[in-house]
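As structure tokens, the structure follows; a few thoughts come after it.
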Amino acid sequence: MAQSPESLVRNSTVSSPPDVYAKLMEVINHPRSGANDVAKVLASDPGLAARLLRIVNSAFFGFPRRIETMGQAVTLVGTGQIRDLALATSVIRAFDGVPDDMIDVRDFWSYSLATGVVARLFGARTQADNVERFFLAGVLHSVGRLLILLKAPTEARAAFEKARERTGFLHEAEREVLGFDQAAVGAALVEAWNLPPAFGEAVRFQYQPQRACSYPHEAAAVHLATVVATGLEWGSAGETLVLGFESAAWDALGLDLEVLPGLLDDAERQYQAAVQAVSGALA
């Protein structure tokens, strides 16, 4: 049996974030760096740069004119936001070798992108200052399941079978088999990556957003986004049941249910744009 979420992370090949994120953080934190320096880091990875430009020029942002260069993209979107987008789109490549007999990896990342898109829209409805952090939190929220599949495949298979036999939630079966669920593993991973604590709370409390004390907006947005993405079957992270909306999540965001129809219209368009933009990484 796996000892702890932290041990799964320590023993994995993804215990450090993708190289491009570390390079971006170094440049962004340098007192004399600017948008052009950030753009140079991104341009050093042509595949990533192309994906980011496709996203920036898609319905995801809806800019009125075409953005031709990474320098323009960084200036318009912002350095912090482009950093979060870069990590969200490059993390897909970090998880190679996931067994595909229990989960379809392409469906997994499609679902993760959908959750990110919807979480970002919830963040935007609250007029958050950096909605890309909601997108990144949504994309990362289920990576713990991939780590379980990679580092504890026997236990993962037992959890999948238990969930199917009982027609229950997979994350609850994970707790029975492992003593913890994928949310705990994902939170351990983002903490190992030294991401801001908002990501740790959003991932850890995706099933219980009312427990997020320091960053309730991020946790609430991710929780609601998982319900929407699962319910609309925009990909799958292995769950066959749909969680119910936690009223505490709505309360935390201060939103009325009336925002949902318009949000879903925006979400479908932006989800398709995001999947198309990163399609090369999903192949």
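Residues that are closer than 24 Å to Arg120 by Cα, crowded, with 21+ Cβ neighbours inside 10 Å, under 17 Å from the mean Cα position of the chain (by Cα) and of a type outside the set (A, V, I, L, M, F, W, C) occur at least once in the range 77-84. Only residues that are more than 19 Å from Gln127 (Cβ to Cβ) and either in contact with a Lys or Arg (Cβ under 8 Å, 6 or more places away or on another chain) or modelled with pLDDT of 95 or more (or both) were counted in the range 243-260, giving 0. Restricting attention to the range 63-74, the residues that are within 25 Å of the chain's Cα centre (by Cα) and surrounded by fewer than 16 Cβ atoms within 10 Å (Cβ to Cβ) total 1. Scanning the range 87-109 for residues that are small (Gly, Ala, Ser) and out of contact with any helix residue (DSSP H, G or I) (no Cβ under 6 Å at 6 or more places or on another chain) gives Ala94, Gly97. Evaluated against (1) over 27 Å from Glu191 (Cβ atoms); (2) more than 17 Å from the chain's Cα centre (by Cα); (3) assigned to a loop (DSSP other than H, G, I, E, B); (4) touching a residue at least 24 places away in the same chain (Cβ under 8 Å), Phe60 falls short on exactly one condition, (2).
The single condition among (1) crowded, with 17+ Cβ neighbours inside 10 Å; (2) outside the structural domain of Val275 (by TED's automatic domain parsing) that Leu136 does not meet is (2). The residues of the range 17-31 that are part of a loop (DSSP other than H, G, I, E, B) and either surrounded by 14 or more Cβ atoms within 10 Å (Cβ to Cβ) or not assigned by TED's automatic domain parsing to the domain that holds Gly71 (or both), listed by number, are Pro17, Pro18.
Might you check whether a residue that is surrounded by 24 or more Cβ atoms within 10 Å (Cβ to Cβ) and over 15 Å from Pro17 (Cβ atoms) occurs anywhere in the range 186-198? No, the range 186-198 contains no residue that is surrounded by 24 or more Cβ atoms within 10 Å (Cβ to Cβ) and over 15 Å from Pro17 (Cβ atoms). Inside the range 13-53, residues that are more than 19 Å from the chain's Cα centre (by Cα) and in contact (Cβ under 8 Å) with a residue 40 or more places away in the chain make up a count of 7. In the set (1) out of contact with any helix residue (DSSP H, G or I) (no Cβ under 7 Å at 6 or more places or on another chain); (2) modelled with pLDDT under 95, Ala274 fails one condition alone, (1). Within the range 201-222, being crowded, with 20+ Cβ neighbours inside 10 Å and in contact with a Phe, Trp or Tyr (Cβ under 7 Å, 6 or more places away or on another chain) holds for Glu201, Ala202, Ala212, Glu218, Ala219, Ala221.
The values are calculated or read from the model by the stated rules, or taken from the named source; none is laboratory data. Fair warning: this is a prediction, and the values are worked out from it, not measured in the lab. So basically every Cβ, Gly included, is an ideal-geometry build from the backbone, and we count neighbours across all protein chains shown.
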